[in-house]
Amino acid sequence: MDKRYVITTPIYYVNAAPHIGTALTTLASDVTARYHRLRGAKTFFLTGTDENGIKVMEAAERAGKTTREFVDELSAEFRRIFDGMGIAYDDFIRTTEERHTRTVVAFFEKLKESGHIYLGKYEGWYDVGSETFFKESELVDGKSPDGNEVRWVEEDNYFFKLSAFEKPLLDHLQWHPRFILPEPRRNEVAAFIRSGLRDTCITRTNHGWGVPVPGEPDKVIYVWFDALINYVSATGWPEPGWEERWPADVQWMGKDILTRFHATLWPAMLMAMDLPLPHTLMGHAWMLMGGEKISKSRGNVVPPLELAAELAERSGCAYDLAVDAVRYFMAAAMPCESDTTFTHDEFDRRYNADLANDLGNALNRSLSMAHKFTGGVVPDSPVELEAQAAIRQAKEGFETAMEDFRVHEAAESALALVRFLNKYIDRRAPWALAKAQDPAVGSVIRSMLLCLRAVEGLIRPILPSTADAIARQLGVAPTANWKEIGTQSSLPTKTALMIPEPMFPRLELATRRPEMKTPAPTEEPKTDDAQIGIDEFKKVQLRVARILEAEPLEGSDKLMRLQVIVDGAKRQIVAGIRKNYDPLDLIGRQIVVVANLKPAVVRGAESQGMLLAAVDEDGGAILLQPDRETPESAVVR
Ligand code: ME8
């Protein structure tokens, strides 16, 4: 039988459409689910929407809709966005569904029968923002500890005996070091529990929108008590088969809802019900924008699919790959212990550096060189040991990172293999081996292609469409089994390769979103005829390029014909540097070129750009090159 693996996200309040903060947890969960599916597990990946409570009812009122209309529309919007992001959930639960209400009622009744729930009187300060009661002593300047407005509430209500679980919870934490990750949050949770747990009021009187208390229609069940039960409602409990879907292997969430709710109330409820506890609660940090948490209530939201559509338009990449680029950004920037800040500049930077340059060049160079030097097929030569070692290291790095749910480190491990591949190509210089008719060229090309195939497998949980595109260009089926990654049989010899297709065209500064553009100077500086303004200079696009091939141009004793790679594509440049340089000195070097010069024909050969060189005493060329290794196609200014 297949191994099973259960992953959950929080269920999201439907008080506004999802943004990249909300989508962050769902994406991390999706990467986890896709990774375990590749490892052969039968997954149950659950997400959904939290549709009860005052917060949702008030948002519906503000929108001028009935609560029912409002929750239906917004829940559908969450689904649309998650589907659009390629979130392959196995189930989507809504707390207004009958299957959920039924389970909540069964939970409530069972806990009442077993004496874990009792009727009492509640007086306290209620924070609608977080749907939580606070003591007078917990308020800060008359507001909740999160800074929300509070209102005084007095009601006859049911209480859950949370205080009885202080010791069992602390014992569980002690015996299960992986119950709470990342590690530092475990101490926060233990400190919170040790500071003392009070019984929790789990019903509200006359608050309208929620699951009614059985036999007492004037009361509804407190939204957090009801919401947490979603994880069990979706399993079909108590019907047979629920054990296939519970306990969760990992429950992903933001740190805001870890300590009080998922790490305290939730396991206590499960203990009271005699149900097993989840293996791990993973509480990641926040994504900030402008110094604040990105949140629906703060209004500083970035909608993920708009970000993708805008990227596709600005860069010219296919929409499904732009969605992958957003997924990649979220995975790579995933806040773990500490918060990270989202900026559009950082999003662009990562796109250019990691996807356009590193991944784009690795794919383009590997396939182009295989076409040039081994006839467009995977050669039948041994894979070099250093390539095998790099693949193994990246794969193990990915696995270790995923073991602890460190999605950002897994992404980094996959990218490390891409970077290794680019450096390996520079160092092993297959063009020079081919020229010298060195038989090692076959091994180098096969090693490059196997690295690319391994990259395809490793990035698959994060960038599924990109992985499909790479597999297609390699002429093989998508990696379907994690074990195959890095094996020589995953890329059979003689496989016919496709001509590389550019996937992630570089973003030009000029295509930045309008608010990102550098403001125009208010006053034009004075110029004379010999001087040019900065705007004129900016028209010249200078880029770092890498020389892939070099050979003397026939019929000229001064000119050299170079093939360089710039902006992910190969170009020919004809330059008068033959007197000072030997072709073999040039291959693999980084130089600076004018990238937007109109092509010209020089001695019968087209030159698609110009390189920059200083002029020596005899009028010869001294090539300008960066003083350290530079990201491919870096802008020079
Ligand atoms: O709390 N950075 O729902 P919610 C990182 N319904 N993660 C973020 C984020 C940000 N800026 N903003 C939101 C609820 N999140 C309850 C949950 S579960 C039984 C009930 C993510 O819509 C993060 O996972 O307020 C956070 O915990 C969750 O969205 C809160 O979603």
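Read the figures in this text as sums done on the coordinates, not as results from a lab. Treat the numbers as computed from the prediction; the structure is a model and nothing was measured. Note: ideal-geometry Cβ built from the backbone for every residue, glycine included; neighbour counts use all protein chains shown.
Under 5 Å from the amide H of Arg94 lie the amide H atoms of Thr49, each residue being 5 or more positions distant or on a separate chain, with H modelled from the backbone and absent for Pro and chain starts.
Determine the percent antiparallel among the DSSP beta bridges restricted to the chain, to the nearest 5.
Numbers: 52 of 75 bridges.
Among the beta bridges of the chain, antiparallel pairing accounts for roughly 70 percent.
Note on Lys423 and Arg472: with the Förster distance fixed at 25 Å, the Cβ-Cβ geometry gives a FRET efficiency of about 0.45. What FRET efficiency comes out for the pair Ala88/Lys293, r = Cβ-Cβ distance, R0 = 30 Å, nearest 0.05? For R0 = 30 Å, the calculated efficiency reads 0.65. The residue among Leu162, Leu270, Val140 whose Cα reaches farthest toward the positive pole of the charge dipole of region 5-293, with charges on the beta-carbon of Lys, Arg, Asp and Glu, is Leu270.
Selection among Val636, Ala234, Val444 by position relative to the dipole of the chain gives Val444 as farthest towards the positive end (Cβ unit charges, Cα centre). Screening the chain for DSSP H helices whose Cα atoms reach 24 Å or more along their own axis and whose mean Kyte hydropathy is at least -1.0 gives 20-38, 67-84, 385-403, 407-428, 440-459. Model label sites at Glu396 and Glu216, defined 7 Å from Cα along the beta-carbon direction, differ in position by 5.9 nm.
Per residue, the Cα convex hull of the chain amounts to 191 Å³. Measuring against 21 Å, Cα to Cα, the residue pairs Lys112/Lys161; Lys161/Lys219; Lys143/Lys293; Lys423/Lys558; Lys395/Lys423 contain Lys423/Lys558 as the ones spanning a longer distance. In this simple spin-label model, placing a label point 7 Å from the Cα along the Cα-to-Cβ direction at both Gln437 and Ala353 gives a separation of 4.5 nm. Hey, for a label at Phe537 modelled as a point 7 Å past Cα toward Cβ, could you say which residues of region 600-637 have their backbone N under 13 Å away? 636-637, by backbone N distance to the label point.
Distance from the alpha carbon centroid of region 559-576 to that of region 1-72 works out to 50 angstrom. Placing a label point 7 Å from the Cα of Thr341 along the Cα-to-Cβ direction, no residue of region 12-42 has a backbone N closer than 11 Å. Applying 0.36 nm per residue to the separation of Ala480 and Ala17 and subtracting their alpha-carbon distance, the gain on full extension is 163.3 nm.
Between the C-alpha center of region 339-378 and that of region 119-192 there is a gap of 47 Å. Compared with the alpha-carbon gap, the fully stretched path from Glu403 to Met610 is longer by 69.6 nm at 0.36 nm per residue. Available extension along the chain between Ala600 and Glu109 is 168.5 nm, counting 0.36 nm per residue and deducting the alpha carbon span. In this structure, the amide hydrogen of Lys42, modeled 1.01 Å from its nitrogen in the peptide plane, lies closer than 5 angstrom to those of Lys3, Arg4, Tyr5, counting only residues at least 5 positions away or on a different chain. Calculated FRET efficiency, Glu386 to Glu551, Cβ-Cβ distance, R0 = 30 Å: about 0.60 to the nearest 0.05.
Could you sort 255-265, 112-122 so that the peptide with the highest average Cβ count within 10 Å comes first and the rest follow in order?
Details: 255-265: 20.3, 112-122: 13.9.
Descending packing order for the listed peptides: 255-265, 112-122.
Model label sites at Thr495 and Asp199, defined 7 Å from Cα along the beta-carbon direction, differ in position by 6.4 nm. Divide by every residue of the chain the summed helix terms, -39500 (n - 2.57) for each DSSP H run of at least 4, and state the resulting mean residue ellipticity at 222 nm, rounded to the nearest 500 deg cm²/dmol. Counting only the DSSP helices, I get -11500 deg cm²/dmol.
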